[in-house]
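Participant: There's a structure below that I have some questions on.
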Amino acid sequence: MRQWRFEIFNRPGSADVHGNSVLEDINELGISSVEAVQSAKVFLIEADFDGAFAKRLAKEVLTDPVCEECYIGRSGPPAGLAKATLIEVHLKSGVTDPVAESVTSAIADMAVAVNNVRTARKYILLGELTTSQIDTIAKKILANDCIEVVMIGSEAEPPSPHLKPYELQITHWPICDLDDDGLVRLSKQKDLFLNLVEMQTIRDYYKQLGREPTDVELETLAQTWSEHCVHKTLKSSVDMAIDGRQVHFENLLKETVFKATEELNKKWCISVFADNAGVVEFDEDSAICFKVETHNRPSALDPYGGAATGIGGVIRDPMGTGMGARPIANTDIFCFGRPEIKIEDIPKGVLHPRRIMKGVVGGVRDYGNRMGIPTVNGAIYFDDRYLANPLVFCGNIGLMDKDKCFKNPQSGNLVMVVGGRTGRDGIHGATFSSGEITHEYETIFSHAVQIGNAITEKKMLDVLLQANKAGLYEAITDCGAGGLSSAVGEMGKELGAKIDLEKVPLKYTGLNYTEIWISEAQERMVIAVRDENLHAIKKIFDDEDVEATVIGRFTNDEKLVLRYNGQKVGELDMQFLHDGGPKYSRKAVWQSPALAEPAMAEKDNYNDDVLEILSSYNVASKEWVIRQYDHEVQGSSVVKPLTGIDNDGPSDAAVIKPKFDSDKGLAISCGMNPLYGDIDPYWMALAGIDEAIRNLICVGGRVDRIALLDNFSWGNCTRPETFGPLVRAAQACYDGAIAFEAPFISGKDSLNNEFSCEDGRQIAIPATLLISAISIVDDINRCVTMDAKRASNLLFIVGETKNELGASHYYKIHGHLGANVPRVDLQKAPKIARKISLAIADGLVVSCHDCSEGGLAVALAEMAFAGGLGIEADFRGLPKSYDCSRTDVQLFSESNSRYVVEVEPANYDAFARMMLNLPFGQIGEVTQEKSLIIKADDGKTVIQSDLDSLKQAWKRPLSW
Amino acid sequence: MIQKGKISNGVKAMVLRAAGINCDMETDYALELAGAKAQRVHINRIIEDKSILEQFQIIVFPGGFSYGDDVAAGKILSNQIIHHLFDAIQRFIDDGKLVLGICNGFQVLVKMGILPGGDSAGARQDVSITYNDSGKFEDRWVYLAPQTRSCIFIEPDRQIYLPVAHGEGKVVTKDEAALENLKSGGHIAFKYVDKNGQEGTYPINPNNSVDSIAGLTDTTGRVLGLMPHPERFVRATQHPHWSRLRNTPAENRCDGMTIFRNAVRFVQRNL
């Protein structure tokens, strides 16, 4: 059989967009000697066809007739004076190659069979380069060690992808005779991430059984008991010292976050903390489910693939909730190191934040857009403590029939795996994501990186929705962390299951039974099917070329039995697997830090401050990111992430209209401010809740239908001083949910986000709590946006401005932290939210903007430039606390629960009446002049700036 | 809430489905709003039984990422159609029926040679669609100026406002002569312009298409392909700043509907 090689180049005169962007990245690395970069696509095709067909294939399929030209065989360096370096990047053997799959099917459409297709990228760098520069470019820009092989100037082809077939060999990992040291060693050697007590529990179980475990049994236990899967830290009992006062929790989550939901007992909550996503009522017929996950460690190693599979994975959560939902929106929140940090300041084993951000945004973009799900809400937060542990939160919202919110697997049902095939990708993902990263993880855990193919998932979604509608399966869940092990184990928890592992369809031969069982290969789901429905469901899948394979049966003996070619390779009691783990107890401590407010002189003028805050990364426009996401697919958008006269102002929340035939909408928002946690994580968490809710209220969300999600991303919580802040934040979640009557419906945690540098230095992320929120919009036609609408309209502020500059952006740009972190008045905040919501529903409000990072000055600037209209504000009307006398405090304090509201003069009385008994005041009006003017309470002008300067300051920093 | 147009039994539209196509539901909805009876049909069903096509007067190739846009946008699907359905589609057009390609659908029509079309449709490959000059996917709204009076989908005197959302939308021609052919043959359906109807650079022309081309039509005027998404502007609250236009509804006219309504009207009158 012949190995054909096709190299596809851009035709001279046709822009090499990819090559140009590589050149840009090389320049950013500080290497200036490269004059040009040419890129080419390489196809390696092993087949029997002849030269004539090869030419046809090149012309009709592989090459664009206008922009590209093809070279069959290996092309040499280009003629010319400049020195040329040839670099090829190939996928490692076994890594999913979606393009190769498509090319194989395209050739099949031409009625020709091929043995194997592989793809690669070729780069020709023109210019003088040293060996170490070439190495840097290859490593930092062109390739990712985890999944790719770089070949520099070589004539050799990469190793053949053919793998040896697997022959069954049952492996035991003896444990019964091990002492404590031996147990710890075994856990470490096998990357089980089980601690001593867990290993002891397992040893005692096997001693009782009188046999040694097989490898697949221990791996199954390790997956099922991993932090990632069971959240042992958040469910542990806690002894906590808060400033010396002792508090005890039997089960932290149950006594904080869950408890609030239980006590609120809202009848519109359908399924909370039980399924793959939290489910709430939408209207009479439909329900909404929402889940937010993190995909932090994979994104640190492979930003593009990690983020893509992060969004791909969380989309499968609603798809696997109840009997399955149709995904209708994505959310994405990221935390990165500062993009301008110097290359030499990056620790070994860590990628540059700019590369991480580009990769993460690219991954979410390509997967989310291909799935046809609008990405409508998000945020990006920058802090150098995220340098080695970037955080990638991906959320997905689904719409489902209200009578299909629960699953019902029965003994005797067939177990089917559907969608993608199983490969070696993502082995040990669940356990890997439960540990801490070191500079060596890049090499050790490269197999934990998963590779996604959105189209496989989209095809699976298309057929699952049809099968769901036809009622052809009894239960569904996704293969996420832990792969088949957790999907089957979870679904068969009350039943038992018998699985024949050799039946699982594989991407390539050679996988052993354990790899098949724990692989986290993407785009797979498990369904439970009655025998009588097998034929009908298979037809739906076959009709659209999606694989669906029976791999076993649910039983009634509460045992998980794994077989390979009829031989038993593992057997576990479901009860031990799910409830056999030890109970955990932890210590936590919180000591309020001794902090003080900085002494800063007051100034006559704060123009520079407001410009600097607007152009700080956390506040600056995220348009560069937002526009790369398709936020309008499905035709559902109502309030888009960008709004205003030039479609570029920052919306507070997104609103979508999930059903074509109804004007009911869904508002989606988030709140997060890790900086506040440096002063007190309790107020950080409440600020996050208040902010997420403010954002919903600003666009017209109902105040009595708010549902919240929590995502805790923390450092190593075995340290009491790291765990203490988490307990504080969890307490705040309870208090906030009760005060706003907004139950938590789902949550997730990601712990041990720490990095051990080669020199022993430890980098831990700041305590980070993301609050995601949704609410119902009764009539989307009444939604409001944040941009100033018309000159001579009146501006009000509702909510009190207090002396709360602690951890503010104003202090941050001046290098201070301060002490007075913004608090939330749990009595007043819900009242204000309710009144604003009513005023919007009554049509009294033409624009409304949440007052958050950068305070009132930034909120007013954003409203003005988004609307293309001026604002003249006078702080004599500002409702403020007695200690809020300084001008900078009034301008930049980030006090919670404040809304800037634009009202038409004709509605002044009605609006004022509605706000009676709340802290509110008129602070100015919208003007025709294109400038922002703010007068302090002594009547002196303290900010005067034209809109263009303000907008440019805000737009420039991240317009890459 | 929007009231659907009165569904006329006469007008039946097919919305093509295939792996990775993802704008089929909203396209189906837009056609029904315009008064057609729309049906989403998977390509495998048509390959099994080409006579399905006879039931319809309109075929829409919707947006999405057919087969992941692997190799190049629309390439694998166009190859599949060329080898299995080309004659059937050609007959559909020859029968006087309508074909609309939106975004990925436009890319497919161009890559299989149906657009710009002409005597040697299928073989002719001097026009293509490639990566945006910006090097990235972008979702943004654009103004479109009609360039022809003979494409049945288009109101010749009405500038419209629609979103684009693509990474490969730059229309290119092999040479000057090919561009000249597009102009002289009346193939240019829409150009990207600014609010005042003037051509310009990025972001007015969001991908740097040659001659600001946003859409193409064939010689019959019954085949239209365009990068922007008309199905994404069929209700007033889809306008990116509709909340500013509450009191001036005339400025917010659901421009996307014109294309679907014109198609339905043409079928009602002529087929």
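The values are calculated or read from the model by the stated rules, or taken from the named source; none is laboratory data. Quantities reported herein were computed from a predicted structural model and do not represent experimental measurements. So basically every Cβ, Gly included, is an ideal-geometry build from the backbone, and we count neighbours across all protein chains shown. These accessible areas exclude ligands, DNA and RNA; they are computed on the full protein's heavy atoms, side chains included. Shrake-Rupley method; radii C 1.70, N 1.55, O 1.52, S 1.80 Å.
Participant: To make sure I understand the rule: partners must be lysines, Cα under 23 Å from the Cα of A:K828, and not fewer than 8 residues away in the same chain. Which ones qualify?
Facilitator: Straight-distance partners of A:K828: A:K259, A:K266, A:K802, A:K880.
Participant: Sticking with this structure for a sec: Sum up the charges of everything whose Cβ sits under 11 Å from the Cβ of A:D383, counting Lys and Arg as +1 and Asp and Glu as -1, but leave A:D383 out. All intermediate terms of the calculation are to be shown ahead of the outcome.
Facilitator: Numbers: positive: A:R338, A:R385, A:K812; negative: A:D384, A:D678.
Every neighbour counted, the sum reads +1.
Participant: How large, in Å, is region B:12-270 by the Kirkwood hydrodynamic radius built from its alpha-carbon pairs?
Facilitator: Working: mean 1/r = 0.0555 Å⁻¹.
Evaluated over region B:12-270, this radius sits at 18.0 Å.
Participant: Separate question: Considering just Cα atoms, how many Å³ per residue does the convex hull of region A:784-955 enclose?
Facilitator: Expressed per residue, the convex hull around the Cα atoms of region A:784-955 is 106 Å³.
Participant: I would also like to ask the following. Would you please calculate the Kirkwood hydrodynamic radius of region B:188-267 over all C-alpha pairs and express it in Å, rounded to one decimal?
Facilitator: Values: mean 1/r = 0.0702 Å⁻¹.
After inverting the mean inverse Cα-Cα distance, the result is 14.2 Å.
Participant: Using the charge dipole of chain B (Lys, Arg: +1 at Cβ; Asp, Glu: -1 at Cβ; taken about the Cα centre), state which of B:F137, B:G113, B:P156 has its Cα farthest towards the positive end.
Facilitator: Of the listed residues, the answer is B:P156.
Participant: While we're looking at this one, here's another question. If you keep only loop residues by DSSP, which trypsin sites (Lys or Arg not before Pro) in region B:1-93 have at most 16 other Cβ atoms within 10 Å of their Cβ?
Facilitator: Values: sites: B:K4, B:K6, B:K12, B:R17, B:K37, B:R40, B:R45, B:K50, B:K75, B:R91; in loops: B:K4, B:K6.
Of the trypsin sites (Lys or Arg not before Pro), the ones in loops of region B:1-93 whose Cβ has at most 16 other Cβ atoms within 10 Å are B:K4, B:K6.
Participant: Something else: Nearest-5 percent of antiparallel DSSP beta bridges in the protein assembly as shown?
Facilitator: Bridges in the protein assembly as shown that DSSP calls antiparallel: roughly 75 percent.
Participant: Could you tell me which GluC sites (Glu not before Pro) in region A:61-104 are loop residues by DSSP with no more than 15 other beta carbons within 10 angstrom of their beta carbon? Walk me through the intermediate numbers first.
Facilitator: Details: sites: A:E68, A:E69, A:E88, A:E101; in loops: none.
Taking region A:61-104 and a limit of 15 other Cβ atoms within 10 Å, no loop GluC sites (Glu not before Pro) are found.
Participant: May I pose another question? List nothing, just return the count: lysine pairs in region B:12-270, 8 or more apart or interchain, with Cα separation under 20 Å.
Facilitator: 20
Participant: Still on this model: Sorted by average packing, counted as other Cβ atoms within 10 angstrom per residue and highest first, what order do A:266-278, A:865-877, B:54-66 take? Write down the numbers at each step before the final one.
Facilitator: Numbers: A:266-278: 19.5, A:865-877: 22.6, B:54-66: 24.9.
Going from most to least packed, we get B:54-66, A:865-877, A:266-278.
Participant: With an 8 Å cut-off on Cα pairs and a minimum separation of 6 or more residues, tell me the relative contact order of chain A in percent. Walk me through the numbers on the way to the answer.
Facilitator: Working: 2352 pairs, mean separation 108.7, N = 960.
Relative contact order of chain A: 11 percent.
Participant: Further, regarding this structure: Using only the alpha-carbon atoms of region A:182-326 as identical scatterers, what base-10 log of I(q)/I(0) does the Debye formula give at q = 0.15, 0.19 Å⁻¹?
Facilitator: The Cα Debye sum returns log10 ratios of -1.08, -1.19.
Participant: Let me ask another. Which helices, counted as full DSSP H runs in chain A, have an axial Cα extent of no less than 15 Å and a Kyte-Doolittle average of -1.0 or above? Walk me through the numbers before you get to the answer.
Facilitator: Working: long enough: A:17-28 (17 Å, -0.43); A:98-109 (17 Å, 0.62); A:196-209 (20 Å, -0.54); A:303-319 (24 Å, 0.21); A:353-371 (27 Å, -0.66); A:454-469 (23 Å, -0.05); A:681-699 (28 Å, 0.84); A:720-740 (30 Å, 0.41); A:828-841 (20 Å, 0.42); A:855-867 (18 Å, 1.63).
Helix filter hits for chain A: A:17-28, A:98-109, A:196-209, A:303-319, A:353-371, A:454-469, A:681-699, A:720-740, A:828-841, A:855-867.
Participant: Same structure, new question: Give, in nm to one decimal, the length gained when the segment between A:D604 and A:D557 is fully stretched (0.36 nm per residue of separation minus the Cα-Cα distance). Show your work: numbers first, answer last.
Facilitator: On the way: separation 47, 0.36 × 47 = 16.92 nm, distance 7.84 nm.
Working it through step by step, the gained length comes to 9.1 nm.
Participant: Another question about this same structure. Residues of A:538-551, mean number of Cβ from any other protein chain within 10 Å of their own Cβ, rounded to a whole number? Could you put the intermediate results ahead of the total?
Facilitator: Numbers: counts 0, 0, 0, 0, 1, 4, 7, 4, 1, 0, 0, 0, 0, 0.
Across A:538-551, the average partner-chain Cβ count within 10 Å equals 1.
Participant: On to the next question. What does the extension gain come out to for A:E741 and A:Q466, with contour length at 0.36 nm per residue minus their alpha carbon separation?
Facilitator: Numbers: separation 275, 0.36 × 275 = 99.00 nm, distance 3.70 nm.
Length gained between A:E741 and A:Q466: 95.3 nm.
Participant: At a Förster radius of 25 Å, what calculated FRET efficiency corresponds to the Cβ-Cβ distance of A:K59 and A:A79, to the nearest 0.05? Can you show the working numbers first?
Facilitator: Details: r = 25 Å, r/R0 = 0.98.
Efficiency, from the Cβ-Cβ distance: 0.50.
Participant: Right, here's the next one. What is the distance in Å between the Cα centroid of region B:149-190 and that of region A:859-890?
Facilitator: Computed from Cα coordinates, the inter-centre distance equals 48 Å.
Participant: Okay, next question. Would you tell me the mean number of C-beta atoms belonging to other protein chains that fall within 10 Å of each C-beta in B:128-134, as a whole number? List each step's numbers first, then the result.
Facilitator: Values: counts 6, 3, 8, 7, 2, 3, 4.
Across the residues of B:128-134, the mean count of other-chain Cβ atoms within 10 Å is 5.
Participant: Would you mind counting up the charge near A:N711? Only other residues with Cβ under 9 Å from its Cβ, with Lys and Arg at +1 and Asp and Glu at -1.
Facilitator: On the way: positive: A:K748; negative: A:E293, A:D710, A:D749.
It works out to a net charge of -2.
Participant: If one puts a single equal scatterer on every Cα of the protein assembly as shown and applies the Debye formula without solvent, what log₁₀ I(q)/I(0) results at q = 0.05 Å⁻¹?
Facilitator: At q = 0.05 Å⁻¹ the computed log10 ratios are -0.34.
Participant: Now for a separate question. First compute the accessible area of chain A with a 1.4 Å probe, then give the percent of it belonging to carbon and sulfur atoms.
Facilitator: Values: 16000 of 33240 Å².
The value for chain A is 48 percent carbon and sulfur by accessible area.
Participant: Excluding ligands, DNA and RNA, what is the solvent-accessible area per residue of region B:45-129 at a probe of 1.4 Å, expressed in Å²? Walk me through the numbers before you get to the answer.
Facilitator: Working: 2380 Å² over 85 residues.
So region B:45-129 comes to 28 Å² accessible per residue, rounded to a whole number.
Participant: Let me check I've understood the local charge: for B:V60, count other residues with C-beta under 10 angstrom from its C-beta, Lys and Arg +1, Asp and Glu -1. What total comes out? Could you put the intermediate results ahead of the total?
Facilitator: Details: positive: B:R40; negative: B:D24, B:D28, B:E231.
For residues surrounding B:V60, the net value is -2.
Participant: Using the per-residue mean of other Cβ atoms lying within 10 Å as a proxy for protection, in what order, highest first, do the peptides A:397-405, A:43-51, A:480-488 fall?
Facilitator: Values: A:397-405: 20.0, A:43-51: 16.4, A:480-488: 26.2.
Top of the packing list down: A:480-488, A:397-405, A:43-51.
Participant: Further question: Using per-residue counts of other Cβ atoms within 10 Å, averaged over each peptide, order A:458-470, A:592-604 from highest down. Let's see the in-between values first.
Facilitator: Numbers: A:458-470: 20.2, A:592-604: 10.8.
Going from most to least packed, we get A:458-470, A:592-604.
Participant: Using alpha carbon centroids, what distance separates region B:211-271 and region B:52-131, in Å?
Facilitator: Each part's Cα centre sits 20 Å from the other's.
Participant: Please compute the length gained on full extension between A:D204 and A:D179, using 0.36 nm multiplied by the number of residues separating them and subtracting their Cα-Cα distance. Before the final figure, lay out the partial values.
Facilitator: Working: separation 25, 0.36 × 25 = 9.00 nm, distance 1.14 nm.
The A:D204-A:D179 span can extend by a further 7.9 nm.
Participant: Of A:V238, A:N605, A:V292, whose Cα points farthest to the positive end of the dipole of chain A (charges on the beta-carbon: +1 Lys, Arg; -1 Asp, Glu; origin at the Cα centre)?
Facilitator: A:V292
Participant: Roughly how many debye, to the nearest 20, is the charge dipole of chain A about its Cα centre, given +1 on each Lys and Arg Cβ, -1 on each Asp and Glu Cβ, and no other charges?
Facilitator: 700
Participant: Right, here's the next one. Based on the Cβ-Cβ distance of B:R45 and A:Y882, what FRET efficiency does E = 1/(1 + (r/R0)^6) give at R0 = 51 Å, to the nearest 0.05? Mind showing how you got there, number by number?
Facilitator: Values: r = 73 Å, r/R0 = 1.44.
Once rounded, the FRET efficiency stands at 0.10.
Participant: Same structure, new question: If the reach is capped at under 20 angstrom between alpha carbons, list the lysines near A:K469, excluding any in the same chain fewer than eight residues apart.
Facilitator: Output for A:K469: A:K402, A:K404, A:K407, A:K458, A:K459, A:K538, A:K539, A:K659.
Participant: In deg cm²/dmol and to the nearest 500, what is the mean residue ellipticity at 222 nm of chain A if only DSSP H runs of at least 4 residues count, each as -39500 (n - 2.57), divided by the residue total? Provide the component values of the computation, followed by the final result.
Facilitator: Working: 31 runs with 295 residues, N = 960.
Mean residue ellipticity at 222 nm (helix-derived): -9000 deg cm²/dmol.
Participant: Still on this structure: Which percent of Cα pairs goes in each bin when the distances of region A:125-248 are cut into 10 angstrom slices starting at zero?
Facilitator: Spelled out per bin, shortest first, that is 10, 23, 17, 19, 18, 9, 3.
Participant: Give me a single rounded figure for B:58-68: the average over its residues of other chain Cβ atoms within 10 Å of their Cβ.
Facilitator: On the way: counts 0, 0, 0, 0, 1, 3, 7, 9, 2, 9, 11.
If you average over the peptide's residues, the count of other-chain Cβ atoms is 4.
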